[in-house]
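The values are calculated or read from the model by the stated rules, or taken from the named source; none is laboratory data. Since the model is a prediction, treat every value here as computed from it, not as a measurement. As a convention, Cβ positions derive from the backbone with ideal geometry for all residues, glycine included, and neighbour counts pool all protein chains shown.
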Amino acid sequence: MTLEIGKEPLDLESVDTAEVAFDEFCGALDARNMKGLWTRPELPHEPIARTLPYHWSWETVAPLVKRAGRVLDLDGDVGQRRALQFCNPGLQAGTTEALFGAFQYLEAGETAPAHRHTPAAIRFVLAGSSMFTTVNGDACEMRPGDLVLTPAWTWHDHTNYGDQSVIWLDVIDVPLVATLESVFFEDHPRGMQEVLGHNISERRFAAPGLHDTAPHPGDSGTAASPLLRYPYEQADRMLDALHETHGGPSVTFEYRNPVTGGPAVPTVTCEMIRVHPEGPTTPWRRAGGQIYSVLRGRGRSIIGGTEFHWGPGDVFVVPSWVAVEHEAAEEADIFIGSSRATLEALHLYREEQLTAQQEVVGQFQPLSRNTDA
Ligand SMILES: [Fe+2]
C-alpha cells in the first residue's frame, strides 16, 4: 500500500500522555518489557572481552581424555562424539565468544556416526594415525598436524581403523550460530556414510592454480573451501619457505579456499604460526577471540600482561583486543582458530600492532568453575 502524501499512518497527536512520575514511568516501561537506553552502560570505546585469557595444559587434560575412553561408551552415554570441551571461565558457554574448542578422542577401531549441522567445524590432528573423517563421502585421512574441514551442513563421521587411539582438536562455531538461533541438526539415516573415495578433494587441487572443472557431488554448496584436507607436510614446507623469505621470530600462513581465496570456513579463520627461538614476536591485538593449539615446540606467550608457558598438546585462548606476543624456547608450530573470518565478512575486523613489548605483570593461574554451564 502506498501512503498518500500528507496523511500520517499513525496519529500521535491524538494519543494521551501518560501522566505519571518518573519512577512510575520507569516501572511502567519495565511492566511492558521495555527499558530506556539511558539505563544501559554506554558503548565502550573498544572491545571489553568477557572471554578470559586461559590455558589448558596437555599434562592435566590428556589423562582425562584417556579416562574418557574407558568410562564413556560411544554407543551409550556419550551420544555421538567423545569430545571434551574447553569452557572459558569468563563465558556461560564457549572457549571464545564465537567458538568452542574441544579434544575429540577415538579408541582403536571406534567410529563416530554420521550427522550434519549448520555450525561449521574444523579438525586439527594432534596424535595418532590410521583414521579418517568422511565428509560428504570423501574419506579425509588424518595425521598429526593435518587440518580437515567439516563445513556447515556437510555429512561427517569419524573412523579410527588402526590399533591405537587418536586425538584431535575440534573448533566449531556453535556459540555464534546458537546466538543467531540458527542451529539445525540431522542424523544420517544409515548411521555411517558410504565412502566414495579417499582424499578426493585433494586430487581436485593437486597444485596451486590447477582447478578440476568437473562438477562434484560432494561439494558443500557454501562459501566453504571445496578442498577439505590440508596435510601437515605442505604446511611444514610453507612455513620453511616463509621463514627463508621473511626471517624473524615467527611466520604465519592462513588456510584458505583455493577457489575464492576466502577463508577455509566462512566463520572460522584457520592459521598456523611457526615461532622460532629468535626472541619475542611483535605484539598485536586483534578483534575476535583466538584458540591456540600447540602441535610441537615449547615457549611462552604474554597475553594482556600475563605470562603463559606452553608445550605440545596445550591449548590457550587470546581474547578479543587483548595484546599477545610469543617467544619460543624451541621451534614451535601452533594452530590458531579464530572468528576473524566472521568479523571480516561483516566488515568489523580490526587489528593493531603495538610499538613496545608488554610488561609481564603476572603468571597464569587456573580458575575453578562453580557451575558446569
Ligand atoms: Fe558434528
Considering only residues that are away from the ligand (no atom under 11 Å from the Cβ) and closer than 19 Å to SER57 by Cβ, look in region 101-118 and name the one that is modelled with the lowest pLDDT.
TYR105
Answer yes if at least one residue in region 31-49 is under 26 Å from the mean Cα position of the chain (by Cα) and crowded, with 16+ Cβ neighbours inside 10 Å, and no otherwise.
yes
Output the number of residues of region 13-47 satisfying the condition of being of a type in the set (A, V, I, L, M, F, W, C) and either on the phi > 0 side of the Ramachandran plot or touching a residue at least 60 places away in the same chain (Cβ under 8 Å) (or both).
0
Flag for THR222 being surrounded by 12 or more Cβ atoms within 10 Å (Cβ to Cβ) and either part of a loop (DSSP other than H, G, I, E, B) or at pLDDT below 95 (or both):
yes
Restricting to region 3-28, name every residue that is touching a helix residue (DSSP H, G or I) at 6+ places or on another chain (Cβ under 9 Å) and part of a helix (DSSP H, G or I).
CYS26
Here the residues within region 60-90 that are at pLDDT below 85, within 20 Å of LEU126 (Cβ to Cβ) and within 16 Å of the ligand (Cβ to nearest atom) are LEU74, VAL78
If you go through GLN92, GLN104, the only one that is under 23 Å from MET142 (Cα atoms) and touching a residue at least 40 places away in the same chain (Cβ under 8 Å) is GLN104
Looking only at region 135-167, and only at residues there that are within 12 Å of the ligand (Cβ to nearest atom) and not aliphatic (A, V, I, L, M), the one that is nearest to ARG229 (Cα to Cα)
THR150
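Every residue, every condition in (1) at pLDDT below 95; (2) assigned to a loop (DSSP other than H, G, I, E, B), yes or no:
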site: PRO226; (1), (2): yes, yes
site: ALA235; (1), (2): no, no
site: ALA241; (1), (2): no, no
site: VAL251; (1), (2): no, no
site: GLU254; (1), (2): no, no
site: VAL259; (1), (2): yes, yes
site: CYS270; (1), (2): no, no
site: THR282; (1), (2): no, yes
Scan region 168-214 for residues that are among the polar types (S, T, N, Q) and within 16 Å of the ligand (Cβ to nearest atom) and jot them down.
SER182, GLN193
